[in-house]
Each structure stands twice: as C-alpha cells, then as structure tokens.
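Reading through the structure tokens given below for one structure.
Rule-based calculations on the coordinates, nothing more; no lab input. Nothing here was measured: the structure is a model prediction, and the numbers come from that model. As a convention, Cβ positions derive from the backbone with ideal geometry for all residues, glycine included, and neighbour counts pool all protein chains shown.
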Amino acid sequence: MIDVTVLGTAALMPIPERALSSALLRCSGRSILFDCGEGTQTAARRAGVSLMKTDVIAITHYHGDHIFGIPGLLQTMSVMGRTDRLYITGPGNIARELAPILRLAGPLAYEISLFTLPDSGMRLSELIPGWREGARLTPFKTDHRVASRGYSFTLSRAGKFLPERALELHVPQNQWKLLQGGEAVTVGDRTVEPAEVLGPPRKGLKVSFTGDTAYCAGLVEGARDADLLISDATYGDDAQAQAAADYGHMTFSLAARAAREANVRELWLTHFSQMMEDPEVYLPAARGIFPNTLCAHDGMGVTLRFEE
Ligand SMILES: [Zn+2]
Ligand SMILES: [Zn+2]
C-alpha cells in the first residue's frame, strides 16, 4: 500500500491556495518527500500529514521553487527532536548545490547524508533498514534548463505462497513466514530459497513524479506503466506550447500525451503557473488526449493498493 499526498501545486511563486512544489509518499510507516518548495510545512499541516519521519528528500532540480522549503523543514525536524539520519538526493553535484541551503539550516540534532542515486535506482532497504524489501527509488531523465531528474517509486510484489511446495520441501510451518517475507531458510543441510515456494511475481505498484520538465523520451520511459504520474503542467493553453518547451515545461496537452505514451493508469497535473486562476478550465483538452487526468490541488491524496 502506498499513500501519496500532493502538498504544493504552484510554480515559481506561492499563492494563497497553492504552496510550491512538493509531494509526500508514505509506505509502511516510512516516507519520501519529493521536492520541498516554500510553504511545504504549512501545506503538510493543512493536509494532516507529518513530515517529521521523512527518511529521504528526493530533489528534482535546484530551482528555488523546489528547494526553498528545505532549511525551514530541517530546523523544524531538529526542534521536534529528530535523531534519525536524513537522506537527501538530487541530480549533479548535490554537495555543492545544497551547501548554501544546509548552511542556512544551521546546526542540527541529527545527521544528514547527501547521496547520488545510481541511474539503475536503489532498494531503499539498502539505505535505510525498515523499508520494505520490494521498495525501490529510481531516477529518470527529464529535460529542464538545468540538471534535472524525475523519480519513480516502485513496490514490487512477490508471487503467491504455495504451501504444497513448502510441504514437499519439508519446510516446518513456523518458517513459512520467513519465506513469504523473502528470506531463505535452512532445512536439514539444504537451503530453500523463496522462489522455490512462490508463484510468479504479481503486479506491484509504481508512482512517478516529474519535477519540471519539457515533454521528452526520458519522461515517457521513466513513467512507463505507472499507476500514478504526477507531472509538470505549468501552462494550460495549447497556444503556450512553444513557451513551455523554451522554458523546459509542459502544457496540459503535452503532459497528457506523455501519460498516454507511457501507458500510465492515472495522471495528476501540477506546478501550475500563477497566471492560471482555474486550472480546471484547461482540463478537457488534456482529457481529450488522456481521459484519466486530474488537476492536483494542495492536500490531494490517494491510497494505492495491490490488485487482488
Ligand atoms: Zn519549478
Ligand atoms: Zn525549474
């Protein structure tokens, strides 16, 4: 099960009803914050979610509207007594890019680890004990004016447990749970691997988050078959397609095209220009291309569950 909450849906500058870019993903008591624009903390309060246990902040790029909420959040975590290490990842030279932000936050009561996520992604349990075995964070290429990346969070799902196989292999029943949890067990002088007692892997869950990007192949590949894509949609009107491309953004229609080509299940548009008073006005154009499109708003959330 994955809970996703969009915290901020504004681009460039905050307006009363929209904080700047940020979304929180929670899974089995652990969490990842994607971007942390100004207003993220108050947006989380309004949405009724806590950021205090965030394990990882995944930054899409170092433009202010995606990172100016970080120093304040780091301070609040310290004041609230956090002692767990916080991991922060982003594109390019993260240590150099975040140095001024970390200096602003001042001394903190916990450690921060900056890390570069490999292109092939990483099992979160490798980084932080307690994350589910099948949870993985993978970056994908986006096309903005500076070094940038989007992220996909995937939760794989093992095959169905086959008790008849466990019985054939003489695995005692009190060890079945270990195999179901992905651990090998020893029976006599033989090791039984989980794959020996599980059916074929079942469909998992995938959530993709773009940050700022023009329409590009990296986005389509990165978001391939996602259950939910949260995407840059800075401009509503198709007439602004050239401006969108010039500034490394998308119109609603371009985001819908990317969603259709990536074969995602649902698309949420975000990062709305402050010029757009009511994003819903432009929604029909996007739905003409990809019907399962919604305009995100601050605090909008969903729970994604495994299919039975
Ligand atoms: Zn932005
Ligand atoms: Zn940007």
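In percent, how large is the relative contact order of the chain, given Cα pairs closer than 8 Å and 6 or more residues apart?
18 percent
Under the Kirkwood approximation for Rh and a Cα-based Rg, what ratio Rg/Rh is obtained for region 159-200?
Radius of gyration over Kirkwood radius for region 159-200 works out to 0.90.
Return the inverse of the average 1/r over all pairs of distinct C-alpha atoms in region 254-308, which is the Kirkwood hydrodynamic radius, in Å to one decimal.
Evaluated on region 254-308, it is 12.3 Å.
So what's the back-of-envelope 222 nm ellipticity for the chain, counting only DSSP H runs of four-plus at -39500 (n - 2.57) apiece and dividing by all residues, rounded to 500?
For the chain, the value works out to -6500 deg cm²/dmol.
On a straight-distance basis, which lysines could pair with residue 53 in a cross-link, Cα separation under 22 angstrom, same-chain partners fewer than 8 positions away excluded?
Straight-line reach from residue 53, under 22 Å: 206.
What is the magnitude of the charge dipole of region 159-200 about its Cα centre, with +1 placed on the Cβ of each Lys and Arg, -1 on the Cβ of each Asp and Glu, and no other charges, expressed in debye to the nearest 20?
So the magnitude is around 140 debye.
Would you mind ranking 169, 124, 20 by Cβ crowding within 10 Å, fewest neighbours first?
169, 124, 20
Quick one: what are the phi-derived ³J(HN,Hα) couplings along region 8-14, Karplus 6.51/-1.76/1.60 with θ = phi - 60°, whole Hz, x for glycine and proline?
x, 10, 8, 10, 6, 9, x
With 5 Å bins from zero, work out the P(r) of region 1-70 over every alpha carbon pair and list the percent per bin.
P(r) for region 1-70, in whole percents per bin: 4, 20, 32, 25, 13, 5, 1.
In angstroms, what radius of gyration and Dmax does the chain have, counting Cα atoms only?
Calculated on Cα positions, Rg and Dmax stand at 20.8, 71 Å.
Against the longest alpha carbon principal axis of the chain, how many degrees, from 0 to 90 and to the nearest 10, is the axis of helix 94-105 turned?
70 degrees
Let's test the formula: R0 of 35 Å, r as the Cβ-Cβ distance of residue 173 and residue 302. What FRET efficiency results, to the nearest 0.05?
Plugging the Cβ-Cβ distance into 1/(1 + (r/R0)^6) gives 0.40.
Hey, if you put +1 on the Cβ of every Lys and Arg and -1 on every Asp and Glu Cβ in the chain, which of 262, 217, 151 ends up farthest toward the positive end of that dipole?
Going by the Cα projections, it comes out as 151.
Taking the Cβ-Cβ separation of residue 193 and residue 103 as r and a Förster radius of 51 Å, what is the calculated FRET efficiency to the nearest 0.05?
Once rounded, the FRET efficiency stands at 0.55.
Can you pull the one-decimal nm distance between simple spin-label points at residue 161 and residue 186, each 7 Å off the Cα toward Cβ?
2.2 nm
Could you check the spin-label model distance between residue 287 and residue 237? Points 7 Å from the Cα along Cα→Cβ, value in nm.
2.2 nm
Tell me, what does the Kirkwood hydrodynamic radius of region 41-92 come to in angstroms if you use every pair of distinct C-alpha atoms?
12.0 Å
Where nothing but the Cβ of Lys and Arg (+1) and of Asp and Glu (-1) is charged, how large is the charge dipole of the chain around its Cα centre, in debye to the nearest 20?
620 debye
Could you pull out the longest piece of the chain with no exposed loop chymotrypsin sites (Phe, Trp or Tyr not before Pro) in it, calling a site exposed if DSSP puts it outside H, G, I, E, B and it has at most 13 other Cβ atoms within 10 Å?
111-305
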